[in-house]
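> What follows is a structure written as structure tokens; I'll ask about it next.
Throughout, read-outs are computed from the coordinates displayed, never taken from laboratory work. Computed from a predicted structure; not experimentally measured. Glycine gets a Cβ as well: all are built from the backbone with ideal geometry, and neighbour counts include every protein chain shown.
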Amino acid sequence: MKTLYDVQQLLKRFGIIIYLGKRLFDIELMKIELEGLYQNGLIDKDDYILAELILRREHRLEMEKETNGEKTFRD
């Protein structure tokens with residue numbers, strides 16, 4: 001697992017498809033869903049940690065974009 005797409009595919013295996021229309025919100029909801037999967041024993045610790053790190057990185061990048069006033073095609 002290396003990208004946000006990979007995390008989306010992990011969630012998709014459990015029937016979780018997230019699209020709120022804003023990438024930052026998508027990432028935040030993915031974090032919540034990921035934590036729920038881990039707490040219920042559906043994914044192992046290694047997958048959880050790796051996915052969480054990917055989501056943190058993507059969240060930071062999106063926050064930097066917003067701070068710098070950059071607009072994405074989705075906004």
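> Quick one: among LEU55, LEU20, LEU37, which has the greatest mean-square fluctuation in a GNM of the chain with alpha-carbon springs under 10 angstrom?
Maximum fluctuation in the GNM of the chain, among the listed residues, is at LEU20.
> Same structure again: List the longest stretch of the chain that has no exposed loop site; here a site is one of the chymotrypsin sites (Phe, Trp or Tyr not before Pro) assigned by DSSP to anything other than H, G, I, E or B, with at most 14 other Cβ within 10 Å.
20-72
> Okay, moving on. Longest segment of the chain with no trypsin sites (Lys or Arg not before Pro) in a DSSP loop having at most 11 other Cβ atoms within 10 Å?
With a cap of 11 other Cβ atoms within 10 Å, the longest stretch comes to 14-70.
> Taking just the C-alpha trace of the chain, give me its Rg and Dmax in Å.
Considering the chain through its Cα atoms, Rg and Dmax are 12.7, 40 Å.
> For LYS12, list the aspartates and glutamates whose Cα falls under 17 Å from its own Cα; do not include residues on the same chain fewer than 8 positions away.
ASP26, GLU28, GLU33, GLU35, ASP44, ASP47, GLU52
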